[in-house]
Amino acid sequence: MDIQRLFEGGRTICTPRPKNAESDWSYNASRNYLTYEGEDRPLALYKQIDEDVNYITIYLGINDTHLIGIGDDDESYGVNVIADKGTIDSTEITSFYGAWNTVLNWLIINRPFAHIGIIVSNGLGLDEYRQAEIEIANKWGIPYIDLNGDERTPMMLRSTNPAICDAAKNARLNAQRISSTNQHPNSEAYEYESTFIEQFLRTL
């Protein structure tokens, strides 16, 4: 299998707007936004997916919530730029819903026989953004797997699923985070989730 890797740490699906006219957002814009198009990147990253692609998986959203202002207080995201949640019908790439709609619409038209799957992110900050990803997947008829835990999927750390008790969430977090000051998944957590993500990919 040849893998075309378009995602990097900190990448978002939406392209935020400057908070004000004096904001310098060139560093972020040239590197981290899947939907960004400009002089330094005339073709958005999602449009660079190979024409003969067989499988496309999209696992984004956590860092979008930093742009929207509900994530950690991280200067690399929240000082100079801002994004909106939007609505299920939004088309602006400066919004969470709008960027998803833009990307999925383009992929379905231009990569019509690609097997597309969405990995619903854990750690989104507020459960409404998890729900937004599920709504988007259902709107476009795209299969998804929810890392926040549902009837098909074990819950991973940082779940926002309100149906799961706090005791279970705390146990997962304590066991699966890198450290008490770093809530990214540890190597054992990645190994564990790879088993059921692999099974999900085989269903596509």
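Look through segment 93-113, keep the residues that are buried (at least 18 other Cβ atoms within 10 Å of the Cβ) and part of a loop (DSSP other than H, G, I, E, B), and return whichever of them is modelled with the highest pLDDT.
Among residues in segment 93-113 that are buried (at least 18 other Cβ atoms within 10 Å of the Cβ) and part of a loop (DSSP other than H, G, I, E, B), the one modelled with the highest pLDDT is R111.
Can you say whether N174 is more than 14 Å from the chain's Cα centre (by Cα), surrounded by fewer than 16 Cβ atoms within 10 Å (Cβ to Cβ) and of a type outside the set (S, T, Y), as far as the supplied structure shows?
Yes; evaluated as a whole, the condition is true for this residue.
Only residues that are part of a loop (DSSP other than H, G, I, E, B) and aliphatic (A, V, I, L, M): list them for segment 41-71, please.
Hits for segment 41-71 are L43, A44, I49, V53, L60, I70.
I'm trying to understand the selection: among the residues of segment 86-122, which are free of Cβ contacts under 8 Å to residues at least 60 places away in the same chain and not polar (S, T, N, Q)?
Of everything in segment 86-122, those that are free of Cβ contacts under 8 Å to residues at least 60 places away in the same chain and not polar (S, T, N, Q) turn out to be G86, I88, D89, E92, Y97, L104, I108, I109, P112, F113, V120.
Counting just the residues of segment 22-43 that are within 12 Å of I93 (Cβ to Cβ) and in contact with a Ser or Thr (Cβ under 6 Å, 6 or more places away or on another chain), which one comes out modelled with the highest pLDDT?
Only one residue fits best here, namely T35.
For a quick check of your reading of the model, give me the residue pairs whose first member lies in segment 126-154 and is on the phi > 0 side of the Ramachandran plot, whose second is small (G, A, S), with beta-carbon atoms closer than 6 Å and at least 6 apart or on different chains.
So the pair list comes out as G149/S159.
Right, N148: loosely packed, with under 12 Cβ neighbours inside 10 Å, at pLDDT 95 or above and not aliphatic (A, V, I, L, M) or not?
So N148 fails the test.
I'm told L124 meets every condition in (1) out of contact with any helix residue (DSSP H, G or I) (no Cβ under 8 Å at 6 or more places or on another chain); (2) at pLDDT below 95 except one. Can you identify the failing condition by its number?
(1)
If I filter segment 183-193 for residues that are over 30 Å from D52 (Cβ atoms) and crowded, with 20+ Cβ neighbours inside 10 Å, do I get at least one hit?
The answer is yes; a qualifying residue exists.
What are the residue pairs meeting all of these: first residue in segment 156-169, first residue surrounded by 15 or more Cβ atoms within 10 Å (Cβ to Cβ), second residue among the basic types (K, R) and part of a helix (DSSP H, G or I), Cβ atoms under 6 Å, and 6 or more apart or on different chains?
L157/R172; S159/K169; T160/R130
Scanning for something surrounded by 13 or more Cβ atoms within 10 Å (Cβ to Cβ), at pLDDT 90 or above and either among the aliphatic types (A, V, I, L, M) or closer than 25 Å to I197 by Cβ (or both), does segment 2-13 turn up at least one residue?
yes
Could you say whether any residue in segment 190-200 is assigned to a loop (DSSP other than H, G, I, E, B) and among the polar types (S, T, N, Q)?
Checking segment 190-200: not a single residue is assigned to a loop (DSSP other than H, G, I, E, B) and among the polar types (S, T, N, Q).
The values are calculated or read from the model by the stated rules, or taken from the named source; none is laboratory data. As the structure is a prediction and not an experimental result, all values here were calculated from the model. Ideal geometry is used to build each Cβ from the backbone, glycine not excepted, and the neighbour counts take in all protein chains shown.
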